[in-house]
1. Show that you can apply the helix-only estimate: for chain A, add -39,500 (n - 2.57) for every DSSP H stretch of four or more residues, divide by all residues, and state [θ] at 222 nm to the nearest 500.
2. Compute the distance in nm between two label points, each set 7 Å from the Cα along the Cα-to-Cβ direction, one at A:Glu286 and one at B:Leu348.
3. Among A:Arg261, A:Arg207, A:Arg284, determine the one that fluctuates most according to a GNM of chain A built with springs between C-alpha atoms less than 10 Å apart.
4. Projecting each Cα onto the charge dipole of chain A (Lys/Arg +1, Asp/Glu -1 at the beta carbon, about the Cα centre), which of A:Asn143, A:Tyr363, A:Gly312 comes out farthest on the positive side?
5. Would you tally the net charge around A:Val176, using a Cβ to Cβ cut-off of less than 9 Å, leaving A:Val176 out, and scoring K and R as +1, D and E as -1?
6. So for the pair B:Leu206, B:Leu152, with labels modelled 7 Å out along Cα→Cβ, what separation do we get in nm?
7. How crowded by other chains is B:106-118, given as the mean number of beta carbons from other chains within 10 Å of each beta carbon?
8. Please list, by residue number, every one of the trypsin sites (Lys or Arg not before Pro) in segment A:116-199 that is coil in DSSP and has at most 13 other beta-carbon atoms within 10 Å.
Amino acid sequence: MHDENRPDDLKVLAPRWLTRRQALYTGGASALSLWLAACGGSSSSDKDSGGGGSAATTDKPSVPTDAPIESELLLANWVDYSDPANYKAFTKDLGPKVTVDGYGSNDELLAKLNAGGSNFDIVVPTGYAVKTMIDKGLALKLNKELIPNLKNLQEKFTKTEYDPGNEYSVAKDYGVTSFFWRTDVVKESPTTLMECYELLKKYKDARVNFLEGSTQNFAVALNALGFSLNSEDPGEIDKAKELLLSVKPYVDTINSTFIPRGQKGDIDFGIGWNGDVARIITTRAEKDDEVVFLLPDEPTEFWVDNWVIPAGARNPVAAHKWINLMLDPAAAAKETDYHAYPVPVTGVEGLADKAIIANPVIYVDEAKLAKYETQLQTPKGQQLRDRAYTEFKAA
Amino acid sequence: MTTAEAHSASAPAATASGRRVAGALLGVAGVVVAAALYTQIGSLGLGLAPSVALLFVSMPLFVGLGLVLARRGGADGGRGRYPLTLAGPSLAFYTAFFILPLAFLILFAFATPVGFGEVSYGFDLSNFDAALDGIYVDAFLRTLRFAAIGTLLTVIVGYPFAYWLARYAPAKRKTLLLALVIVPFWTSFLIRTSSFLIVFSDSFFLSRWLADLGLTDGRLDILYTNTAVQIGIVYNYLPLFVLPVYATLERMDWRLLDAATDLGATGWSAFRQITLRLTAPGLITGALLVFIPMMGEYIIPLVLGGGRVDLIGNVIGRSFLEQQDYAFGSALALLVMGALSVFIALYLYLSTRSEQEFGA
């Protein structure tokens with residue numbers, strides 16, 4: 001990890017008698033994870049034999065179309081990111097009891113999935129993490145016959161770069177990462193990410209929140225410096241690290257679950273996602289506080305979050321049915337009303353709250369969106385970011 | 001077992017220490033064999049239930065090893081007839097959940113990470129090199145500072161209370177008072193820690209009272225700072241300190257103090273020369289009992305530090321749970337364990353000495 005010049009073929013040379021996964025499955029902390037691995041056992045050994053390749057090697061559907069639906073659904077989602085009414089409706093109409101687990105960054109999600117034993121039936125990775133999951137054999141190939149509502153998915157999202165043809169993923173919603181602030185604290189009106197980083201140093205007493213995770217923090221910092229957020233240039237990443245370190249003294253919290261605190265008025269200045277911030281803006285407006293979300297003219301991150309079924313899912317039929325429900329315009333409209341992000345399902349516009357559809361912070365101007373950049377993830381880029389992020393966190 | 005007995009029969013003249021060494025070596029060899037066995041369970045492709053069954057069937061192997069080890073060591077002392085089987089369950093448990101994970105930790109620490117959680121085994125010192133980098137040493141020193149200040153504050157807050165409880169508290173009320181110390185300890189650790197989010201918030205009365213008293217200028221501004229983490233640490237570990245100290249103070253013969261006063265000692269010197277020295281073992285135990293977990297504290301900085309205060313436990317946790325850098329995390333964990341062992345050795349030395357001086 002800390003040697004960038006490490007040859008790529010080391011992986012080939014690595015003795016295969018014991019992969020890290022096997023070691024963890026069977027070793028100590030691991031006797032426990034054996035328990036937890038439960039039914040995931042057989043599918044994980046499939047993956048291992050593939051040596052990290054794709055899990056989909058046959059044309060046979062991953063889940064038989066006529067399989068009965070299970071009685072449970074374990075959903076790992078970002079915190080507060082789906083309408084609880086939809087969980088209830090799912091249980092009421094189809095039976096499976098829904099359990100929700102939360103996480104705060106794609107890094108955290110991938111680590112959980114890769115360690116095995118998490119047993120999630122549905123996860124919500126961002127585009128680049130979907131790609132990583134597919135490459136690592138961590139995603140289950142979808143049986144589209146179980147998802148008839150797939151016809152409602154907007155055409156643009158059937159041709160994504162990370163999963164063309166929706167073999168493994170279905171877009172959940174999309175958004176933008178940028179700065180936001182309370183106008184009673186920040187008197188200026190910054191128009192670029194860089195100006196925001198600079199202003200952090202001016203408002204020393206402002207309560208500042210950053211998002212979690214190395215990919216997320218470096219995406220914003222690299223864009224602010226005018227670099228691509230996918231940069232793999234150690235020099236550029238170093239500059240981004242310096243930028244982050246220079247503002248670290250003014251950062252109060254690093255937490256992706258920032259909606260409740262923002263709604264209480266406890267965040268003055270921060271980095272966030274547009275829909276979450278839109279919810280904060282609405283709540284604060286009731287208290288006559290003005291909160292602004294920056295939609296810069298320069299590149300910043302545009303992301304698409306997706307529904308994916310992990311390879312070891314214990315309730316794959318229920319998971320397919322869940323995705324199908326989320327592609328139903330009525331349920332999708334409820335989602336949009338709840339989390340305040342556009343859902344790429346045809347027919348939602350007529351059913352969702354008009355105020356949300358008309359909100360420029362949520363439905364961002366297409367011309368601006370076209371300038372924004374989407375993340376890709378490579379092991380090399382990730383290693384450079386992880387090490388630099390650790391320095392930022394430990395500083 | 002049979003091998004071990006044959007071995008001892010062939011070397012009747014071996015000294016006790018020689019046998020112990022042989023026993024220890026045998027134990028190590030056995031653990032290696034068992035570890036190899038464990039790694040194979042997963043690759044047999046038996047599925048979950050048979051794997052778990054095999055795991056637990058292989059446990060007695062460890063128990064057997066432990067027995068061999070213990071017998072080698074104890075046979076000459078004339079005390080070889082202890083019912084060693086009693087140690088079996090804990091031996092099996094610690095082997096499976098402590099010694100084996102530790103072995104894997106060592107294996108990972110010397111491996112080369114190849115990205116996304118995979119490692120290539122070998123003898124690679126670069127993880128240790130990276131872990132000894134300035135920022136991690138700083139994080140370790142910061143943790144050491146938190147733990148040292150935390151322990152000191154715990155002693156300052158906890159010792160007088162334990163003293164009062166043991167000596168002056170009305171006998172009828174003692175049980176109740178002790179319960180008051182223990183009950184919060186039964187509450188979920190996370191809830192206890194999270195409750196401070198409310199206590200420190202601006203809308204709680206504490207913030208307003210302090211502002212009304214003129215101690216703060218409007219905002220308490222303590223949440224998500226080092227201070228909040230430090231308070232949370234002391235609060236959470238206090239019962240762990242009070243209980244062992246109370247136990248030693250409870251056994252104190254207070255007439256010794258009367259005797260000392262009769263012989264002309266002032267209250268302070270009687271306390272210093274008698275009470276403090278007699279309760280030193282409890283005091284040291286209590287202090288170490290809170291210091292060690294404080295060094296590994298992970299949750300409190302996460303909750304009360306707002307993700308901004310990074311202790312060494314958080315660095316290690318993140319390398320496993322977010323960055324999937326098992327090799328680096330293992331190396332760092334081993335270094336921290338090594339450093340902490342020094343404190344434990346110090347504790348053993350100090351407590352044995354004070355026990356020998358005064359008896360228990």
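The values are calculated or read from the model by the stated rules, or taken from the named source; none is laboratory data. This one's a predicted model, so the numbers in the text were calculated from it and none came from an experiment. Positions of Cβ are backbone-derived with ideal geometry, glycine not excepted, and every protein chain shown enters the neighbour counts. When the accessible area is computed, the model is the full protein with side chains, heavy atoms only, and any ligands, DNA or RNA have been set aside. Shrake-Rupley method; radii C 1.70, N 1.55, O 1.52, S 1.80 Å.
1. -12000 deg cm²/dmol
2. Output for this residue pair reads 6.1 nm.
3. A:Arg261
4. Farthest towards the positive end: A:Gly312.
5. Charge balance near A:Val176 sits at 0.
6. 2.2 nm
7. 6
8. A:Lys159, A:Lys187
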